[in-house]
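Undergrad: My structure is below; once you've seen it, I'll send some questions.
Values quoted throughout were computed directly from the atomic coordinates according to the rules given, and no laboratory measurement underlies them. Note that the structure is predicted; figures quoted are calculated from it, not measured. Methodologically, a virtual Cβ is constructed for each residue, glycine included, from the backbone with ideal geometry; neighbour enumeration extends over all protein chains shown.
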């Protein structure tokens, strides 16, 4: 639809208490009772890395493959316990502990000697394997990342001394079970690199990721896929904007424990998304209290412009925005609330910044003087995360986060040819995040996970108070804008998702170990646009003249008059008089199986089904603010479409606007070429439907709240202003699109989701620990 403005159109900006330390008793089949004093960790182990690893990761060379859901917040450790001759040891006992995990996990090996400990918090782990008649083996610094499986095999040596113990070394860090590709960036790395303190700087480390622009929150393409194909997951909560697919919140780097960017080979457990999964894992509390207070200051004395005098002159003498002052405060606290029963992590961050706008003193064609102005940005964010564990079976998490931004001058409205009065203010952009998670171990081989996540976003863009009642002016020759900004615009969006997953480990099904995962999820999504403007008139000047096309003979009076192009936003004159809402419901179910053949080959297969359904509730609109637009609508537009687009009207709901039923098969293999876990060959296939979202709904809305229509204007009285006595001719436009019986034909009743067929193959080689080429 027409913008009514030959200048730039308005832009959418687019959540285990172990047994207590002491004597623990357990039974080993065929043996007597043994007791062991379990040492409880009292402080976090230092997560130190070699400098070389940081350099390699900063160049994004370390690539890891993840075996489970891209949105998974936990990992796993699997392996076998055998004797010196390689025979499996049944009933061997394993302790798994970490400063990053509540309590201690334990496991009895099966008849095949296999063990599998799932649901582990990302971090570095210590494993102890023991068996009567054998030496106890302790292995430390086993790295677990979100969604990944670490493999660690034990070979126990005979011993006649009951408490004889030896230390082992962790094996290669490569994942031998998954065919999926991902980049993993952890807090240890991010704290060492000299990065800007924002999430975009973190993502710039990822190879193949390119931002579409420089503005905060800009979308990105990964491996050449569309910028709308990515999914942002923040600690298990989908924070992807349902319409434009950017992240709904500015992710605070002080929250980050790990960032996992999965780029290919998504398992069936992952939802319908054709691009990358960007999964941010939030930090948790710890076994000891810890905290930090950080303050960062920057000023214009620490910045230098690289623009030459000639380049600045070419830009009209107005350089790009330059930093004046920045203050950044961050307070972080974490620790136990009830020993090993509950941990709390909390962070509050406040940032204030001021800059010079790239605008020079200017007097507009109406004689109004406009002065240089400053830009300010104030934002605050917070996170409160409570992790709870009861016995060895139950774990849960409760989480609440928020962020808020205020800009007296909205950053995307800033231009060297636009004065402050013609901008809008960002009057408290905000995002909320809430999550409740529950995990219950039915036994050591079966786990049930339940979760619910909620995210909400609002973006109120309000016209500058000094010009909110004025028309909008734009000069098609000079590029200057003045008068008011486009319109007042309150945008909002939200997501709520509930899911359940059952994971079962079957040790000897068809002679092979299997990991069976099945589950489903239900999601509701909506977005709203509410707009209004006191005067919805748009002038298009030409070199300071209101007559865009100069002078001509009026078709009405026959007089020599000035003529030009004008437009009228369809927005009503009062707040709340037009709100367009779009809704979406989606339900998905999946099942997948990962089997291991011969210890070196892993095969996975899965199937996912998703049903998505979009709808439009009814719309009611009030009269537009400029009386001339209402009069023209009654005279010219109403006869064509049956109602006055600039007057009051109501439209009924459109149920089941789009319905997609999609099947998505997935398959993959991972082969340990040399059998030592250091050379892994990967391959995968997936047929991935497009995630419906609300982008299509935004385009299909019967009334676009940001639309306008153009008129040829003949200034009959020669005063250079639009008056009721002037003559007007409607610019050509097919107004049938506003009729329900017509615009609903825009959706083919047999429409199906677009599909990408993805084939991926690759090779990973661990050169030495922390250095992998892929």
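Undergrad: Computed over the Cα atoms, what is the radius of gyration of the stretch 547-692 divided by 2.2 N^0.38 Å, N being its residue count?
TA: 2.05
Undergrad: For an R0 of 60 angstrom, estimate the FRET efficiency from the Cβ-Cβ distance between residue 699 and residue 770 and round to the nearest 0.05.
TA: 0.80
Undergrad: Extension gain residue 325-residue 733, at 0.36 nm per residue separation less the Cα-Cα distance, in nm?
TA: 142.0 nm
Undergrad: Another question, if that's okay. Take peptides 217-224, 341-348, 532-539 and line them up by average Cβ neighbours within 10 Å, highest first, as a rough protection proxy.
TA: Per-residue mean Cβ counts within 10 Å order the peptides as 532-539, 341-348, 217-224.
Undergrad: Sticking with this one: Take peptides 657-667, 417-427, 378-388 and line them up by average Cβ neighbours within 10 Å, highest first, as a rough protection proxy.
TA: 417-427, 378-388, 657-667
Undergrad: Here's something else I'd like to know. Defining a contact as two alpha carbons under 8 Å apart and six or more residues distant in sequence, what relative contact order in percent does the stretch 328-773 show?
TA: Value for the stretch 328-773: 10 percent.
Undergrad: Also, quick follow-up: In which sequence would 440, 115, 714 go, from the one with the fewest C-beta neighbours within 10 Å to the one with the most?
TA: With the sparsest Cβ surroundings first, the list reads 440, 714, 115.
Undergrad: What fraction, in whole percent, of alpha-carbon pairs in the stretch 328-773 exceed 43 Å separation?
TA: So the pairs more than 43 Å apart make up 37 percent of the total in the stretch 328-773.
Undergrad: Something else about it: What percent does the relative contact order of the stretch 495-585 come to when contacts are Cα pairs within less than 8 Å and at least six residues apart?
TA: Here the relative contact order equals 31 percent.
Undergrad: Here's something else I'd like to know. Consider all pairwise Cα distances in the stretch 565-640 and report the whole-number % of them above 13 Å.
TA: So the pairs more than 13 Å apart make up 79 percent of the total in the stretch 565-640.
Undergrad: Same structure, new question: Can you give me the distance in nm between label points at residue 87 and residue 597, each placed 7 Å from the Cα along the Cα-to-Cβ direction?
TA: Here the modelled spin labels are 2.9 nm apart.
Undergrad: For n ≥ 4 DSSP H runs only, could you compute -39500 (n - 2.57) per run for the chain, divide by its residues and tell me the 222 nm figure to the nearest 500?
TA: After summing the helix terms and dividing by the residues of the chain, the value is -1000 deg cm²/dmol.
Undergrad: Here's another thing I want to ask about it. Quick one: if the Förster radius is 25 Å, what FRET efficiency do residue 218 and residue 524 give, using the C-beta to C-beta distance and rounding to 0.05?
TA: The value I calculate is 0.35.
Undergrad: Say R0 is 25 Å: what FRET efficiency, to the nearest 0.05, do residue 196 and residue 305 get from their beta-carbon distance?
TA: Plugging the Cβ-Cβ distance into 1/(1 + (r/R0)^6) gives 0.90.
Undergrad: Another question, then. Once label points are set 7 Å from the Cα along Cα→Cβ at both residue 620 and residue 585, what is their separation, rounded to one decimal in nm?
TA: Reported label-point gap for residue 620 and residue 585 is 2.4 nm.
Undergrad: A follow-up question, please. Does the stretch 619-774 come out rounded, prolate or oblate, given a ≥ b ≥ c as the square roots of the eigenvalues of its C-alpha gyration tensor, rounded meaning a/c under 1.5 and, failing that, prolate meaning a/b above b/c?
TA: Here the stretch 619-774 falls in the prolate category.
Undergrad: Only one of the listed values, [x] 265; [y] 244; [z] 162, was derived from the coordinates as volume of the Cα convex hull per residue in Å³; which label is it?
TA: [z]
Undergrad: Quickly rank 175-185, 592-602, 240-250, 686-696 as a protection proxy: mean count of other C-beta atoms within 10 Å, highest first.
TA: Put in order of decreasing packing, that is 175-185, 240-250, 686-696, 592-602.
Undergrad: Pairs of alpha-carbon atoms within less than 8 angstrom and 6+ residues apart define the contacts here; what relative contact order does the stretch 398-457 have, in percent?
TA: 35
Undergrad: Using the 10 angstrom Cβ neighbour count as an exposure proxy, how do 370, 709, 266 rank, fewest first?
TA: Ranking 370, 709, 266 by Cβ neighbours within 10 Å, fewest first, gives 370, 709, 266.
Undergrad: In whole angstrom, note down how far apart the Cα centers of the stretch 358-418 and the stretch 676-690 are.
TA: Cα centres, the stretch 358-418 to the stretch 676-690: 39 Å.
Undergrad: Moving on. Could you check the simple spin-label distance between residue 506 and residue 448, using points 7 Å along Cα→Cβ, in nm with one decimal?
TA: Reported label-point gap for residue 506 and residue 448 is 2.0 nm.
Undergrad: Working from the alpha-carbon coordinates of the stretch 609-678, get Rg over Rh, Rh being the Kirkwood radius.
TA: 1.56
Undergrad: Subtract the Cα-Cα distance of residue 315 and residue 635 from 0.36 nm times their separation in residues, and report this length gain in nm to one decimal.
TA: 110.7 nm
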